[in-house]
Amino acid sequence: MTTLSPEILDALGAQAIELPSWAFGNSGTRFRVFPTPGTPRDVYEKIADAAEVNRLTALAPSVALHIPWDAVDDYDALRRYAEDLDVALGTVNSNTFQDEDYKFGALTHHDEAIRRKAIAHHVACIDIMDATGSRDLKIWLAEGSNYPGQNDMRSRQDRLQDSLQQIYARLGDDQRLVLEYKFFEPSFYHTDVPDWGTSYAQVAALGDKALVCLDTGHHAPGTNIEFIVMQLLRLGKLGSFDFNSRFYADDDLIVGAADPFQLFRILVEVVRGGGLNNPDVAFMLDQCHNIEAKIPGQIRSVLNVQEMTARALLLDRTALAAAQEANDVLGAQAVFMDAFQTDVRPALAEWRASRGLPADPMAAFAASGYQERIAAERAGGAQAGWGA
């Protein structure tokens, strides 16, 4: 069995992966939202489900909120509820893609009144951050156009910068703005923030408290995502990850499901660039479980990240550097593949058991009766993840 050194185990023990509240709600495709037994009826039940993932894995100590999906009257009470379950409230995600006024844009809209409304929504999100103790405001914009000539793309970039400047000015000293990008969808001709370069250009103009959020499913096919990770770490502008997996577009599948080697390559660059367990680089899942059970889907996801992190930490960087210096192409690739192909699962199971955790969190959840209990208690639950 592969042995993991105390240094590797210490690094793994410090790893934290934030869970998205919406992963526990109902979600689906453009054609159908599929209900599942035990669906949370409110944000409190979403937090309870997230806490169950953390109880079994010790990997998920915080929960991201999405506003207005998770809006409540008393955020201080919500924070205390989460803390009683040994989790914290994390990133606050804004939503400017479900209001009728935002059909043709929000922060980029040519109508100043609509832009003011969208800016006010983000300021309200920062007010929530003040109440919950959250550090990060994450912005993803479903804005762009479907046809050439439909909009003036440069003017939209100018309006976006102006809107972000106003939002940025409201941040507290210890708060951050992270700007997510997405190759396409729901706009198909141009998207206002389609790639890491556009996100970087926008946040660089704001200041040190503005960074890029990298969603692993938001790139064109064939994109070398680990290169982007390297570059943003090099520039000091990688603020957070949204981990998921895709075959074709923004599939939002369990991270590592489609291409575990890609997840490994990304984490190799995270370790190389000083991003692992770095408080300035937040790890988060962003997934919608459409046909699989929600809680096991999140357990499987955080375990996949943990496993690939362990493999990345096993990479013999001294041998790799020597092969690279010697231009030993096959030697370098062999060192790289040796780490990826190492089966760390038995060692991780043994380590979890030594910490008083289930050696197999998936099996432990299945045997716990939690799913059966919430299915009985939450009859009629229909709170959505990404749509009302």
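The values are calculated or read from the model by the stated rules, or taken from the named source; none is laboratory data. A quick note: this is a predicted structure, and the numbers were derived from the prediction, not measured. Please note: Cβ atoms are built from the backbone with ideal geometry, for glycine as well, and neighbour counts cover all protein chains shown. Accessible surface is based on the protein model in full, side chains and every heavy atom, while ligands, DNA and RNA are left aside. Shrake-Rupley method; radii C 1.70, N 1.55, O 1.52, S 1.80 Å.
Some observations on this one:
- Mean projection area, nm², convex hull over Cα of segment 1-75: 7.9 nm²
- Long pairs among 117/209; 182/237; 103/209; 117/182; 46/138; 103/138, criterion Cα-Cα beyond 27 Å: 103/209
- Estimated FRET transfer efficiency (residue 345, residue 150; beta-carbon r; R0 45 Å; 0.05): 0.35
- Restricting the calculation to Cα atoms, the chain shows an Rg/Rh of 0.97 when the hydrodynamic-style radius is the Kirkwood one.
- The largest accessible area among 228, 291 belongs to the first residue in 291, 228, and the rest follow in falling order (1.4 Å probe, all chains).
- Electrostatic tally near residue 133: other residues with Cβ closer than 13 Å to its Cβ, Lys and Arg +1, Asp and Glu -1, net -3.
- Rg and Dmax, both from the Cα atoms of segment 276-380 and both in Å, are 19.0, 64.
- Relative pair counts by distance (%), Cα atoms of segment 93-178, 10 Å bins: 18, 50, 26, 6, 1
- Largest to smallest accessible area among 53, 123 [probe 1.4 Å]: 123, 53
- Judged by the gyration tensor of its Cα atoms, with axes a ≥ b ≥ c, segment 208-306 is prolate; a/c meets the 1.5 cut and a/b is the larger of a/b and b/c.
- Value at 222 nm in deg cm²/dmol, rounded to 500, when DSSP H runs of n ≥ 4 in the chain each add -39,500 (n - 2.57): -14000 deg cm²/dmol
- Shape class for segment 1-132, computed from the alpha carbon gyration tensor (a ≥ b ≥ c): prolate, with a/c not under 1.5 and a/b above b/c.
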